[in-house]
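Undergrad: Provided herewith is a single structure, encoded as C-alpha cells, for subsequent inquiry.
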Amino acid sequence: MKRVAILTDFINHDPAYSLCSVVANQTKMLAMDGYPTTVIVRPEFEQWVKQQVPVPVGVGATALQTRGNPYGDAEIVAIDPGRTGSNTVEVGDFSGAEIVELTRQLKAALADIDVCLTHDLVFQPNQWKYHIAARRVARELPSLKWLHWVHSNPANFDVLDQVGEFREEIEPPFPNGQLVVMHVEERQRKAAICGYPLHQTVIIPNPIDFTESYHPAALEAIEKGGLWDADCIAVYPCRLDRGKQPHILVEVFAQLMAMGADARVVFVDFHSVGGDKAEYREDMKAKARVAGVPVLFTSELDYPEANYHIPHKAVMDLLEFGDILIHPSRSESDPLIVPEAAWKRCGLILNYDLPLFHLYEGRALLYKFSSNIDVTTGMPGQTDTNYDDRDGYMRHVAGGIAYLMSKESTLYWHAKMRKTRSLQAVWRRHLWPAIEAS
C-alpha cells in the first residue's frame with residue numbers, strides 16, 4: 001500500500017479556510033482504506049494544537065473533545081520554511097540558505113513517501129520557497145509522484161517574475177508531477193496558466209463530508225445498506241403493522257429496479273420485535289429478495305437497542321440522506337414523519353385513498369393504496385382499491401418517482417451530490433486511481 005503525504009504550509013486548522021477542509025477530507029478518504037498518511041505543516045501548528053480547549057462535538061450536548069490533531073490518525077510532521085510574508089514573494093540574501101534548509105527538511109519528511117499531494121504549492125506566492133524545495137526533492141527522489149492542487153482561479157502565474165535568480169527552478173513542468181483541477185471547465189485554462197500539458201492534468205473534485213454530523217446508527221445504516229451509490233433511496237419509519245403497508249415500497253422499487261435504477265429502501269422499523277411484526281418483516285425480506293430490491297431494516301443494525309428503536313436524530317439523518325418518503329398507510333391521524341420528511345426535503349408519495357393526505361395535494365404525488373376511511377363520506381369504513389394490473393400500477397407509481405428524481409431540482413442535485421461529491425465517491429472514482437496510477 002502506497003504511503004501518502006500532504007504538503008501544506010498550515011500554521012493551524014481553520015475550518016472556515018477551504019484548504020484546511022480539503023486536507024481534512026483527504027485524510028479521511030485515505031483513512032477509509034487504511035493508507036498510511038503524513039500531513040506536513042509549519043512548526044506553529046504544533047503550538048496551536050497544544051492551545052486547543054475542549055469544545056462541544058458529536059451527538060449530545062455534553063459531548064466534548066479537544067480539537068487537537070484534526071487529521072485523525074495521520075502523522076503530523078512540522079518543517080520550517082524560514083521567513084514568510086503575507087502571501088507575497090520576499091527574496092533576500094537569506095533566501096538561498098533557507099531554501100537549502102527547507103529542502104533538507106522536506107526530503108527527510110518525504111523519504112519513505114510514494115505520493116505527495118500539494119495545495120497551491122505551484123501557484124501561491126507564500127509557498128515559493130516550498131515550490132523550489134519540492135522541485136529539488138523531486139529530482140533527488142525520482143520515484144516520488146506529485147499531485148498538485150491549484151485552488152485559486154488565477155489570472156496568470158506571476159510568481160515566476162518575482163523570484164529573481166530562482167526563476168529557472170520553478171519554470172514548468174514539475175518533475176514527475178501532475179496538475180489537479182477540480183472540473184473539466186477549468187482544465188484547459190489552469191493547465192495553460194500553470195504550464196502543464198493536458199495529458200499531465202487530472203480531474204479530482206473536492207469532496208464534502210455530507211455525513212460528518214450524522215448519528216452513529218445512521219452511519220451504520222448507510223454503510224450496511226450500500227446507500228452511497230444509490231440513484232434513489234426511500235426511507236419509511238414505521239411499526240411493522242400490516243396496515244402501514246410497507247410492502248408497497250418493495251413493489252414500487254422493484255419497478256424502478258426493472259427500469260435500471262439503483263433503488264434502495266430503508267425501513268426504520270421501530271417497536272417491531274416479535275409476533276406478527278417479526279413475521280411480516282420476514283415476508284417483506286423474502287418479497288424483496290425475489291424482486292431484487294435491496295432493503296435494510298434498522299432493527300437489524302448492531303447499534304445498541306436498534307432491534308427496538310434507533311434515536312430520533314438517526315431517523316432524521318436517514319430522512320436527510322434519502323430522497324423519497326412513500327407513505328401508503330391505510331390509517332393515520334397526524335403522522336409526524338410527513339412533516340419531518342418534508343423538512344428534510346424528501347419527495348412525498350402519499351396515499352390518495354386516505355383523505356388526510358389530500359392536505360398535501362399539489363405538493364406531493366398521490367396514488368391509490370386503499371384506506372380505512374370511506375372516501376365517499378369521510379367517515380370510518382373501507383376504501384379498497386383493486387388493481388386490474390397491480391404490477392402495472394406500481395410501475396406507474398415508480399414512473400412518478402423517476403420523474404421527480406430527474407426533473408425536481410432539489411431531488412436531482414441531492415442524489416447527484418451523494419453519488420459524485422461525497423468522500424466515498426471522490427475517493428473511489430478520482431483520488432484513489434490517481435494515487436495508484438504511478
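Undergrad: Tally time: how many residues in the stretch 336-379 are in a strand (DSSP E or B) and surrounded by fewer than 17 Cβ atoms within 10 Å (Cβ to Cβ)?
TA: Taking the stretch 336-379 as the starting set, the residues that turn out to be in a strand (DSSP E or B) are 347-351, 365-367, 371-374, 379.
Those still in the list that are surrounded by fewer than 17 Cβ atoms within 10 Å (Cβ to Cβ) too: 372, 374, 379.
Residues that pass the stated criteria total 3.
Undergrad: Next question. What are the pairs, 6+ residues apart or on separate chains, where a residue within the stretch 410-430 that is over 20 Å from Ala24 (Cα atoms) has its Cβ under 7 Å from a residue that is of a type in the set (A, V, I, L, M, F, W, C) and not in a helix (DSSP H, G or I)?
TA: Correct list of pairs: Ala415/Cys232.
Undergrad: Checking Val252 against (1) β-branched (Val, Ile, Thr); (2) free of Cβ contacts under 8 Å to residues at least 40 places away in the same chain; (3) part of a helix (DSSP H, G or I), only one condition comes out false. Which one?
TA: Against the list (1) β-branched (Val, Ile, Thr); (2) free of Cβ contacts under 8 Å to residues at least 40 places away in the same chain; (3) part of a helix (DSSP H, G or I), Val252 comes up short only on (2).
Listed here are the residues, each with its yes/no results for (1) free of Cβ contacts under 8 Å to residues at least 60 places away in the same chain; (2) surrounded by fewer than 21 Cβ atoms within 10 Å (Cβ to Cβ); (3) not small (Gly, Ala, Ser).
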residue: Val100; (1), (2), (3): yes, yes, yes
residue: Thr103; (1), (2), (3): yes, yes, yes
residue: Leu106; (1), (2), (3): no, no, yes
residue: Cys116; (1), (2), (3): no, no, yes
residue: Phe123; (1), (2), (3): no, no, yes
residue: His131; (1), (2), (3): yes, no, yes
residue: Arg139; (1), (2), (3): yes, yes, yes
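Undergrad: Could you count how many residues in the stretch 259-283 are surrounded by fewer than 21 Cβ atoms within 10 Å (Cβ to Cβ) and either over 19 Å from His327 (Cβ atoms) or not basic (Lys, Arg) (or both)? I'd like the intermediate steps shown before the answer.
TA: Applying the first criterion (surrounded by fewer than 21 Cβ atoms within 10 Å (Cβ to Cβ)) to the stretch 259-283 yields 259-262, 270-271, 273-283.
From the residues that got through so far, the ones that are either over 19 Å from His327 (Cβ atoms) or not basic (Lys, Arg) (or both) too are 259-262, 270-271, 273-276, 278-280, 282-283.
Selection size over the stretch 259-283: 15.
Undergrad: Another question, if that's okay. Working only within the stretch 279-323, note down all residues that are assigned to a loop (DSSP other than H, G, I, E, B), among the aromatic types (Phe, Trp, Tyr) and in contact (Cβ under 8 Å) with a residue 60 or more places away in the chain. Spell out the reasoning first.
TA: Of the residues in the stretch 279-323, the ones assigned to a loop (DSSP other than H, G, I, E, B) are 292-294, 301-311, 322-323.
Still in the running and among the aromatic types (Phe, Trp, Tyr): 303, 308.
Hit for the stretch 279-323 is Tyr303, nothing else.
Undergrad: Same structure again: For the stretch 141-163, name all the residues that are aromatic (Phe, Trp, Tyr) and farther than 11 Å from Val115 by Cα.
TA: Restricting attention to the stretch 141-163, the residues satisfying the condition of being aromatic (Phe, Trp, Tyr) are 146, 149, 157.
Listed by number, the residues that qualify are Trp149, Phe157.
Undergrad: Going by the conditions given, is Ala63 among the small types (Gly, Ala, Ser), surrounded by 12 or more Cβ atoms within 10 Å (Cβ to Cβ) and either in the same structural domain as Asp161 (by TED's automatic domain parsing) or modelled with pLDDT of 95 or more (or both)? Step through it out loud before you land on a result.
TA: Numbers: among the small types (Gly, Ala, Ser): yes; surrounded by 12 or more Cβ atoms within 10 Å (Cβ to Cβ): no; either in the same structural domain as Asp161 (by TED's automatic domain parsing) or modelled with pLDDT of 95 or more (or both): yes.
When the stated conditions are applied, Ala63 does not pass them.
Undergrad: State the number of residues belonging to the stretch 204-239 that are closer than 20 Å to Ile401 by Cα, buried (at least 16 other Cβ atoms within 10 Å of the Cβ) and under 15 Å from the mean Cα position of the chain (by Cα).
TA: So the answer is 4.
The values are calculated or read from the model by the stated rules, or taken from the named source; none is laboratory data. Predicted model only: the values in this text are computed from it and were never measured. Here the Cβ is made from the backbone with ideal geometry for all residues, glycine too, and neighbour counts use every protein chain on show.
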